[in-house]
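Just so it is clear, none of the values below were taken in a lab; they were calculated from the coordinates. As the structure is a prediction and not an experimental result, all values here were calculated from the model. Glycine also receives a Cβ, built like all others from the backbone with ideal geometry; neighbour counts cover every protein chain displayed.
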Amino acid sequence: MSGREQAWHGELWLGTDFCLVAGTTGHARAHAHYAHQLLMACEGEVKALIDDQPQQASLLVIASNQRHAILDSDQRVVTLFAEPLAFELADLQRLCHDVGPHLQRLADGLGELPRRQLDPRLEKALQRIRALDDGALPAQALAEAASLSLSQLERLFSGTLGLSVRRLVLWQRLRQALRLAMAGDSLTSAAIAAGFADSAHFSRSVRSQFGIRADLTLRQLKLRLLS
């Protein structure tokens, strides 16, 4: 691996509960994130470090919150990030195996995949998180939207997802800020609009969640919003 950090290049197709990135990989330091991630090699095999073990295959599957790193740059891949609350990992793996690294066919297939049936209270909370705007979203307000106490909401999230309410809200804020930054907003304005304190806070969160530098990578990806 080169000592200089390399950016990712290509296209990013952003849906409501998934996104697809097609192009060449850059470096991504060891990290873990909420979304399931599946990497499909456009030719040959893709390499990654998963749970500190080198892995190499035409399709690599990284489950939600599984630690991983991309050490080799310039691998031609299509990468799927998908929301665990929406999709079963086995369904995603089957789709990627059947379709391969074809953006439009993957997007069509993801649109047709059944979504997970959730506890109605969790569904209400999730809808409120997905509707996140530039206002604050205190956990108490989220609990009220789901007709739960704060402690009940925390138990529901941790029991169903192994994830705190705060981390899921952070994921949605990241998604919003990434969309704004890639649509042309400065990192500072995108960060503040999505509820981050400043661009440094946003950049630290991108580094923590994706293992990449926001300033180095976002300007190298072309955004397409999916309905």
Exercise. Roughly speaking, what is the stretch gain from residue 67 to residue 226, that is 0.36 nm per residue apart minus the C-alpha to C-alpha distance, in nm to one decimal?
Worked result: 54.4 nm
Problem set entry | Pairwise label distance in nanometres, residue 98 with residue 197, each label 7 Å out on the Cα-Cβ vector | 4.7
Problem set entry | Computed FRET value (nearest 0.05) for residue 50 with residue 115, which takes r as the C-beta separation and R₀ as 35 Å | 0.85
For this session: Quick one: net charge around residue 89, please, counting Lys, Arg +1 and Asp, Glu -1 for every other residue with C-beta under 13 Å from its C-beta.
Result: -1
Seminar exercise, completed: With residue 9 itself left out, Lys, Arg at +1 and Asp, Glu at -1 over residues whose Cβ is under 11 Å from its Cβ give +1
Exercise. Quick one: helix 199-210 against the long Cα principal axis of the chain, what's the angle to the nearest 10°, folded into 0 to 90?
Worked result: 70
For this session: Apply 1/(1 + (r/R0)^6) to the Cβ-Cβ distance of residue 139 and residue 207, taking R0 = 25 Å, and write down the FRET efficiency to the nearest 0.05.
Result: 0.55
Exercise. Between residue 11 and residue 57, what length in nm is gained on full extension when 0.36 nm per residue of separation is reduced by their alpha carbon distance?
Worked result: 14.3 nm
For this session: Please give the helix 150-161 orientation as an angle from the longest Cα principal axis of the chain, in degrees from 0 to 90, rounded to the nearest 10.
Result: 30
